1. Check which residues have an amide H placed less than 5 Å from Tyr34's amide H, if you skip close sequence neighbours.
2. Under a 1.4 angstrom probe, counting protein chains only, how are Asp85, Asp102 ranked by accessible area, largest first?
3. Could you identify which residue out of Glu36, Glu118, Glu57 has the top mean-square fluctuation in a GNM of the chain using Cα springs shorter than 10 Å?
4. Suppose only helical runs count, i.e. DSSP H with n ≥ 4. What mean residue ellipticity at 222 nm does that imply for the chain under -39500 (n - 2.57) per run, divided by all residues and rounded to the nearest 500 deg cm²/dmol?
5. Taking 0.36 nm per intervening residue step and subtracting the Cα-Cα distance, what contour gain separates Ile5 from Gln32 on full extension?
6. Say we join alpha carbon atoms closer than 10 Å with springs in a Gaussian network model of the chain; which of Lys46, Lys101, Lys17 then has the biggest fluctuation?
7. Please turn the phi angles of segment 57-72 into ³J(HN,Hα) values with the Karplus equation 6.51 cos²θ - 1.76 cosθ + 1.60 (θ = phi - 60°), one per residue in order, whole Hz, x for glycine and proline.
8. Let me know the charge dipole size of the chain about its Cα centre in debye, to the nearest 20, where only the beta-carbon of Lys, Arg (+1) and Asp, Glu (-1) is charged.
Amino acid sequence: MEGDIHHLEIYVDDLIKTRNFYEELLKTLGYQLYQEWENGFSFKLKGVYIVFVKVEEEYKEYDYHRKRIGLNHLAFGVKNKSEVDTITNVLINKGISILYKDKHPYAGGPEHYAVYFEDPNRIKLEIVSEE
């Protein structure tokens with residue numbers, strides 16, 4: 001028996017804004033578009049897929065915040081520090097704010113080389129070097 005993650009499903013406020021944000025990022029990380037339908041889409045890498053679904057109107061009033069009970073952040077591993085730097089530069093060029101700028105790229109500690117940022121729904125994302 002294995003307990004690998006099969007998929008993650010994330011409800012979002014604006015499907016178009018979310019797709020524009022994630023499409024280039026996930027493709028850069030090796031993901032491929034997997035599914036798309038009227039109220040959602042997904043990207044897949046090595047059998048694991050991430051699903052984005054438009055939240056129903058009745059639930060829009062409950063905004064997400066990573067410090068409440070639930071998901072704090074998603075972390076994606078890349079091979080080396082150079083890849084973290086490349087993604088950091090892409091984010092900055094797109095006007096996406098880097099979190100913990102004063103400690104970047106070691107905000108996670110002296111041995112943890114990463115960039116932290118938020119998606120359009122304020123879900124915190126991390127790109128971390130495996131070396």
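The values are calculated or read from the model by the stated rules, or taken from the named source; none is laboratory data. The model shown is predicted, which means the values in this text are computed figures rather than measured ones. FYI the Cβ positions are ideal-geometry reconstructions off the backbone, even for glycines, and counts take in every protein chain you see. Side chains are part of the model used for accessible areas, which takes the heavy atoms of the whole protein and leaves out ligands, DNA and RNA. Shrake-Rupley method; radii C 1.70, N 1.55, O 1.52, S 1.80 Å.
1. Ser42, Phe43, Lys44
2. Numbers: Asp85 55, Asp102 135 Å².
Most to least solvent-accessible, the answer reads Asp102, Asp85.
3. It is Glu57.
4. Numbers: 2 runs with 27 residues, N = 131.
Calculated from helices alone, the mean residue ellipticity at 222 nm is -6500 deg cm²/dmol.
5. Numbers: separation 27, 0.36 × 27 = 9.72 nm, distance 1.71 nm.
That pair, Ile5 and Gln32, stretches by 8.0 nm at full extension.
6. Ranking Lys46, Lys101, Lys17 by mean-square fluctuation puts Lys46 first.
7. Karplus values, whole Hz, x for Gly and Pro: 3, 5, 10, 4, 5, 8, 5, 7, 8, 5, 8, 8, 4, x, 4, 8.
8. Details: 17 positive and 23 negative charges, 77 e Å.
Roughly 360 debye, rounded to the nearest 20.
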